[in-house]
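Notes follow once the structure below has been shown.
The values are calculated or read from the model by the stated rules, or taken from the named source; none is laboratory data. This one's a predicted model, so the numbers in the text were calculated from it and none came from an experiment. Neighbour counts are summed over all protein chains in view; Cβ atoms, including those assigned to glycine, are modelled from backbone coordinates with ideal geometry. Ligands, DNA and RNA are stripped out before the accessible areas are found, and what is left, the full protein with its side chains, is counted by its heavy atoms. Shrake-Rupley method; radii C 1.70, N 1.55, O 1.52, S 1.80 Å.
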Amino acid sequence: MSPSNSTQGKSLLRRAFDWVWGAIVTLYRAAVIVGVLLAVILVWFALRGGKPVVVEDNVALVLAPTGTLVEQIDQDPTQRFVENLSGEMPAQSSLRELIEALESARDDDRITLAVLKLDSLWGAGLAQLDELRAAMAEFQAAGKRIIAWGPWYDQMHYYAASQADEVVLDPYGFVQIEGFSLYNNYFRDALDKLGVEVHVFRVGEYKSAVEPFTRNDMSVEARQANLDWLGDLWGAYGRAVAAGRKLPQTAAADYVAGLRAGMKERGGDAAAYARDRGLVSRLETLSEFRARVAETVGMDPDHGSFRQIHYRDYLSAVHRHAAMKAPKKAGKAVALVVVQGEIVDGPGQAGQAGGDTIYDLLDDARRDDDVAAVVLRIDSPGGSVFAAEQIRRGVQNLRAAGKPVVASMSSVAASGGYWVAMDTDQIWAHETTITGSIGVFGLIPTLDKSLAKLGIHTDGVGTTALAGAFRIDRPLNEEAQAIIQLGVEKVYHDFIGGVAAARKLPLDRVNLVARGRVWSGEDARELGLIDEFGDLHQAADAAARLAGLEIDAYRLDERQPRRGFASELLSQFFGRIQVRWLPGLASWIDALRARADVQRMLASFNDPRGLYAHCFCTVSWGRGR
């Protein structure tokens with residue numbers, strides 16, 4: 001049959017379908033070509049860096065972080081693309097960038113004052129904010145004022161804002177200080193109804209991470225231990241607020257206790273109550289606040305606000321000027337390696353501390369002749385035992401090569417987060433650091449009862465008593481349970497033995513302070529689990545001294561995880577280009593992000609033996625956090 005006859009033999013519907021399909025393919029190819037060309041053009045503009053930022057005289061430095069305050073920007077470029085596509089603010093802000101901006105502006109005559117605006121910051125740790133407050137205090141010591149303004153302050157925002165010279169609140173705002181809490185959902189009854197049996201293996205009565213699967217409430221031991229360290233953090237919070245606002249030590253607690261009566265006296269006016277209690281300097285709308293600051297630095301008619309520069313733009317200008325003025329600082333370096341997020345086996349995803357990735361960074365520092373020492377910055381609740389052990393071995397290798405390692409603990413360095421720190425030469429932390437939780441657990445759920453309710457049963461044969469014993473659709477037999485428990489106990493004894501050897505403490509004493517119990521940094525130093533209180537810079541200085549370097553002569557060399565060429569290119573591209581279009585995209589983006597969060601959570605439980613040194617000890621700041 002000839003082609004013409006074949007075409008004529010097709011039905012009208014088939015010919016219409018072929019035409020539509022051909023059009024779709026053509027449009028798809030055209031879209032790909034246009035997309036590639038557009039991407040090349042935009043990447044070219046991104047890599048050029050755009051118009052240089054100019055810092056004018058007599059401007060205000062605006063400190064307005066967004067999203068989560070992190071030790072190191074480590075974000076999936078795809079997520080950054082989604083944020084920029086929808087016009088969202090960055091989901092991560094670097095603590096070091098905020099501090100560096102304050103340090104640079106301190107002696108910069110072009111910067112007259114700083115404005116702190118925190119209402120778009122929705123995640124930060126107490127110890128991180130301690131370091132920010134310290135940088136703010138140094139800025140103020142140079143004779144420069146800091147003014148905080150907010151439509152409202154939760155207790156996270158207020159902790160930082162209380163260090164400012166003025167705390168300004170919108171007349172319809174509020175200061176939501178309520179105290180610290182730790183609440184969990186407990187699933188025992190739900191799991192029983194579903195027929196899911198969770199087999200728990202642990203050592204230590206305080207390793208409460210498994211309690212949500214085995215109980216309907218918090219155990220007495222966990223309740224008391226949690227109240228102890230939460231009380232330490234709440235006490236530190238109150239002292240900091242009192243010092244910043246020049247109020248009595250009990251000001252924060254008194255504010256909470258008197259909230260109901262105080263609001264009733266003022267007809268429900270929460271802002272007036274905060275002002276009268278001394279937590280707020282004055283009440284002003286944003287327009288009023290802008291006009292008052294403009295009296296000092298002038299008004300920018302194009303911006304409709306006072307003359308200002310955002311801290312990220314300011315740093316960009318400072319870095320550009322430094323690069324043009326002088327070559328990169330030579331000499332020996334102290335490498336900065338960040339352990340941030342849950343510790344997972346393998347390379348890990350963005351936002352996780354992959355055991356292989358961190359080990360490689362440590363090993364690169366070991367082989368780099370320009371690196372004299374390493375500071376290991378930790379903000380992690382732990383995770384996979386195997387991954388934490390890989391990181392610890394990387395620390396040991398550095399020390400064996402004659403390169404000292406100092407741990408710098410941020411807000412959380414507990415369980416596996418402590419595991420990776422225990423073999424360092426020194427451990428630095430804050431009074432408000434959450435640490436300890438020296439313990440191990442394993443969880444294995446079995447679904448045989450759940451499946452039986454649906455009429456599904458599992459049967460078969462195996463060549464040994466253990467063949468198929470660890471399937472989740474079969475009951476976990478006694479022998480398998482005994483084997484897992486023995487493994488957990490062995491790892492726990494390795495943990496406390498390692499702490500005892502590294503910290504030069506008796507094993508019995510370590511066992512008493514271990515058993516999964518969480519400690520504040522304040523208690524941890526008294527117990528010998530940490531050495532000194534101090535920030536990242538002080539820890540880096542300590543590492544330099546151990547390496548025999550002059551404090552003013554070394555450079556801090558931050559090591560970034562390698563994400564591959566494509567990932568790095570996307571990261572640069574999406575970090576500089578904002579595409580604010582396609583309205584109505586928000587719901588699709590939210591669904592995509594929710595799915596990614598669930599996948600990331602499930603992927604974090606990937607220890608090859610199912611053993612974890614993990615602390616579920618996140619402090620609730622209020623407002624559902």
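Overview of values
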| item | result |
| --- | --- |
| Those aspartates and glutamates that a straight Cα-Cα span of less than 19 Å connects to residue 246, excepting residues fewer than 8 apart in one chain | 130, 138, 165, 166, 254, 276 |
| Computed label-point distance, nm, for sites residue 456 and residue 310 using a 7 Å Cα→Cβ extension | 4.9 nm |
| Surface per residue (accessible, 1.4 Å probe) for the range 391-448, Å² | 21 Å² |
| Set 117/264; 193/453; 207/453; 325/403 screened for pairs whose C-alpha atoms are more than 21 Å apart | 117/264; 207/453; 325/403 |
| Tensor-based shape of the range 385-424 (alpha-carbon gyration tensor, a/c under 1.5 rounded, otherwise prolate or oblate) | oblate |
| Per-peptide average of other Cβ atoms within 10 Å, ordering 445-458, 148-161, 119-132, 299-312 highest first | 148-161, 119-132, 299-312, 445-458 |
| Extension reserve of the residue 367-residue 486 stretch, reckoned as 0.36 nm per residue once the Cα distance is removed | 39.1 nm |
| Residue 396-residue 138 pseudo-label distance in nm [points 7 Å out on the Cα-to-Cβ vector] | 3.6 nm |
| Where the range 177-314 is the region considered: accessible area per residue in Å², 1.4 Å probe | 52 Å² |
| Amide N proximity, the range 265-281 versus residue 172 label position 7 Å along Cα-to-Cβ, cut-off under 20 Å | 266-275 |
| Segments 339-351, 19-31 sorted - mean Cβ within 10 Å per residue, highest first | 339-351, 19-31 |
| Cα-based Kirkwood hydrodynamic radius, the range 354-442, one decimal, Å | 12.9 Å |
| Prolate/oblate/rounded label for the range 239-295 (Cα gyration tensor, a/c 1.5) | oblate |
| Residue 29 versus residue 508: modelled label distance in nm, points set 7 Å from Cα along the beta carbon direction | 8.2 nm |
| Estimated FRET transfer efficiency (residue 526, residue 302; beta-carbon r; R0 51 Å; 0.05) | 0.35 |
| FRET E, pair residue 494, residue 325, Förster distance 51 Å, beta-carbon r, rounded to 0.05 | 0.50 |
| Rounded FRET efficiency, nearest 0.05, which uses the C-beta distance separating residue 470 from residue 291 and R0 of 45 Å | 0.05 |
